Every structure is written in structure tokens, then in C-alpha cells.
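Undergrad: Handing you this structure, nothing more for now.
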Amino acid sequence: MKNTKKILLLGLASSLGICTILGGCNGSSEKDKVVIYSNADDEAITAMKHALDNNGFKDQYILQSFGTSELGGKLLAEGSNIEADLVTMSTFYLESAQEQNKMFKDLDFDVQTLDTYPAYCAPITAQEGAVIINTEMMKENQLPAPASIKDLANPEYKDMVSVTDINSSSTAWLLIQALVSEYGEEGAKEVLKGIYKNAGDHIEDSGSAPLKKVRAGEAAIGFGLRHQAAADKESGLPVDYIDPAEGNFSLTESAAVLDKGTKSKEAAMEMAECIMDNAREELLAAYPIPLYEGETEATADKSGNPKIFSEPLTVDLLKRHQELSDSCKPE
């Protein structure tokens, strides 16, 4: 048995030696893979994977998911030293990171977007906010349907509300943009204090958490992404959505390729183009807002009150609204 173990160990050592000489049995292939960082929701991640896997890039990339705030912090702090070769991220974060770090390449393929975007990024999704309700819970508790985000602060919704923390998810920014736009910063504070009081322990870190709480009957009302609530409603779940009186504000997410000089991976640009060319149909099914020429939005999918914030969306504006939000939370 001892001799057998020695032979096996010698064989293993020889194999490892050969692997080292050749650059590693698996190490080189892993090293060559394109690293993709993304803050996208599951629906978008799935669509991008399908586009890459079905068009020649299967097993040639590593895709890692992050929360918006976490990935945004990495982009700003690490610049082009970040591990990723390709990122998909909230467009405002990409713009702020590029302004600070000059870290992205101009795209070398043509994109026919409906709106103007910087040369270094191309949009993949646009997402709108909406009020979400559990129709069964509303009936059981004899609750009136809210017509606005402001209504979520009403006393009858005590312990019935779930919202997202803007410090961890950009979904909450859609809510705060709507309040600040309609009521000003001081008015928004008063509303937020009431909403946070009603939410109690249901101030969530994940943008999809309020919908999940509403879906499961843990909350009667939430604020989240409109397209996700619409999908739940269509699938027969007791979920409905309300376009709030303050407006459906939106955020886009875009793809950008890192400029790492001689260390840049050509395949990263090819994968970005592949996603733009081959993921749109599946992305539009989940995120129905048109972004490219030739795309249309079905009448049934259109939000009732689309609006755009009066100031450009930047990381500095986000920080200002984060501070506003923090000042409204119960101590």
C-alpha cells in the first residue's frame, strides 16, 4: 500500500509539473476567458448568456453579478485595474466612472440607438418604477388602492409596505426621483419618513425584494420595477401594478468595454457586439421599452406616466439623494 501511494504521488507530481511547464492544465484557459461584471437582473443575465452561448462564445467568459452600489464603487475606486474586461451597469455610473478614470474603449461597432449615448457604451435595458400591490391582501385587509407614491405614507398602510434602500439598489432611486421631482427635497423628506415608518423592517437591500415580499403575501404594497410586476400579473399571480401620479421614472443599463492597453482582450469587444446583436429580442420581452431604431413598444406595455428627472443623473446626485433618504429613516 505504501509503495502504491508513492507511485500515485509521483504520478500526480509529474502531472502537475507538466501542467506548470505548459502554463497550467486549466489555468491558461481560465486566464484567457473574458470576465464580465454585471448589476443586471436575472432576466437580463439570462438573455445575455443565451446570446453569447448560442453565438460562439460558450465557455469563453466568466460572468459575475453584483449589486449596483457594490459594482459602482469598484468602477470608481479601481478604474481600469478592475478585473472585468466587459461590464454591464447603470449608465449613469458608467458615465461617472469614465469621467473620473477614462477607463472604457469607444465601441468599434455601430449602434442605432433612439437616444444619444456616449461612444463607449450601448444600452441593454431601460427600467421603470411603479407601485406594486398584492390584490388578495388588499381585499382581505380592505385597503384602498394607492394612487401615488405619497399614498404609501398613509397610516392605513402601517406594516403593509416594502421598499428598497437607495444605499444598496438603484431601484429605490426611481422612487426618490419621483418624490423630489413632484414635492421638492423637503416635501420628499416628509413623504419618505411616513413610507419608512410604514415599511418598518421591510426596507430591503435588493431591488427585487419588495416584489418578492408582495408576491409572497409578506407585504400588501411595494415599490419596484414595473416590468417585473407586469410579468407576475400576466403569469396569474395575485400581483398588480399602479403607475403613480408622480410619474414612472426610469434608468438605463449599458454595456462598456474596459481599456486595459496591451492587456485588453479583443474578445470583450466581440462579446459586447454579440449581446447587442443577439440579445435584443429576449431583452425586449422582459424590458419592453424600446432603445434601438426599429423597436416598438406594445400599447399594453406602455407606462401611464413616464417622466425624466430634471437634472442629469450622476453619482453626485445619487449621493445627495442617499443622504436625503438616510435623514428620513427611523433611528
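Undergrad: Whole-Hz Karplus ³J(HN,Hα) for region 129-135, in order, using 6.51 cos²θ - 1.76 cosθ + 1.60 and θ = phi - 60°, x for Gly and Pro?
TA: x, 7, 7, 10, 10, 8, 4
Undergrad: Using a ≥ b ≥ c from the Cα gyration tensor of region 218-331 (square roots of the eigenvalues), is it rounded, prolate or oblate, where a/c under 1.5 gives rounded and otherwise the larger of a/b and b/c decides, a/b for prolate?
TA: Oblate, because a/c is 1.5 or more while a/b does not exceed b/c.
Undergrad: Charges only on Cβ, +1 for Lys and Arg, -1 for Asp and Glu: so what's the dipole of the chain about the Cα centre, in debye to the nearest 20?
TA: On the way: 30 positive and 54 negative charges, 300 e Å.
For this selection, approximately 1440 debye.
Undergrad: Could you pull out every one of the lysines with an alpha carbon less than 28 Å from that of LYS329, ignoring same-chain neighbours closer than 8 positions?
TA: Reachable lysines: LYS74, LYS150, LYS158, LYS189, LYS193, LYS197, LYS212, LYS213, LYS307, LYS319.
Undergrad: If you don't mind, there's one more thing I want to ask. What number, rounded to the nearest 500 deg cm²/dmol, is the helix-based mean residue ellipticity at 222 nm of the chain, given -39500 (n - 2.57) per DSSP H run of at least four residues and division by all its residues? Write down the numbers at each step before the final one.
TA: Values: 12 runs with 144 residues, N = 331.
Roughly -13500 deg cm²/dmol at 222 nm, from the helical runs in the chain.
Undergrad: Can I ask one more? If you wrap a convex hull around the C-alpha atoms of region 46-203 and split its volume per residue, what is the figure in Å³?
TA: Working: hull volume 28.1 nm³, N = 158.
Dividing the Cα hull volume of region 46-203 by its residue count gives 178 Å³.
Undergrad: Additional query: So for the chain: antiparallel DSSP bridges make up what percent, rounded to the nearest 5?
TA: Around 60 percent of the beta bridges assigned by DSSP in the chain are antiparallel ones.
Undergrad: Using +1 at the Cβ of each Lys and Arg and -1 at the Cβ of each Asp and Glu in the chain, identify which of GLN228, MET89, ALA178 lies farthest towards the dipole's positive end.
TA: Among GLN228, MET89, ALA178, the one farthest towards the positive end of the dipole of the chain is MET89.
Undergrad: Separate question: HN-Hα J couplings of region 282-292 from phi, Karplus 6.51/-1.76/1.60, θ = phi - 60°, integer Hz, Gly and Pro as x?
TA: With coefficients 6.51, -1.76 and 1.60, one gets 5, 5, 5, 5, 9, 10, x, 7, x, 10, 10 Hz.
Undergrad: Still on this structure: If you keep only loop residues by DSSP, which GluC sites (Glu not before Pro) in region 73-163 have at most 12 other Cβ atoms within 10 Å of their Cβ? If you can, show how the numbers build up before the last one.
TA: Details: sites: GLU78, GLU83, GLU95, GLU99, GLU128, GLU136, GLU140, GLU156; in loops: GLU83.
The qualifying sites are GLU83.
Undergrad: Another question, if that's okay. Mind listing the long-range amide H neighbours of TYR292? Cut-off is under 5 Å, sequence gap 5 or more, other chains count too, H placed in the peptide plane at 1.01 Å from N.
TA: Correct list: LEU114.
Undergrad: Quick one: 3J(HN,Hα) in Hz for region 36-46, Karplus 6.51/-1.76/1.60 with θ = phi - 60°, rounded, Gly and Pro as x.
TA: 10, 9, 8, 9, 5, 6, 4, 4, 6, 4, 4
Undergrad: How far, in degrees from 0 to 90, does helix 266-278 lean away from the longest principal axis of the Cα atoms of the chain, to the nearest 10?
TA: Value to nearest ten degrees: 40.
Undergrad: Another question, then. Where the convex hull is taken over the Cα atoms of region 163-278, what is its projected area averaged over directions, in nm²?
TA: So the mean shadow area of the Cα hull is 10.3 nm².
Undergrad: Once the other residues with Cβ under 13 Å from the Cβ of SER65 are scored (Lys, Arg +1; Asp, Glu -1), what is the net sum?
TA: Local charge sum for SER65: -3.
Undergrad: Okay, next question. Once amide H atoms are placed 1.01 Å from N in the peptide plane, what residues at a sequence separation of 5 or more from SER168, or on another chain, have their amide H within under 5 Å of its amide H?
TA: Amide H to amide H, under 5 Å and 5 or more residues apart or across chains, SER168 pairs with nothing.
Computed from the coordinates by the stated procedures, all read-outs in this text should not be read as laboratory data. Bear in mind the structure is a predicted one, so any value in this text is a computation, not a measurement. For neighbour counting, all protein chains shown are included, and Cβ atoms are generated from backbone atoms with ideal geometry for every residue, glycine included.
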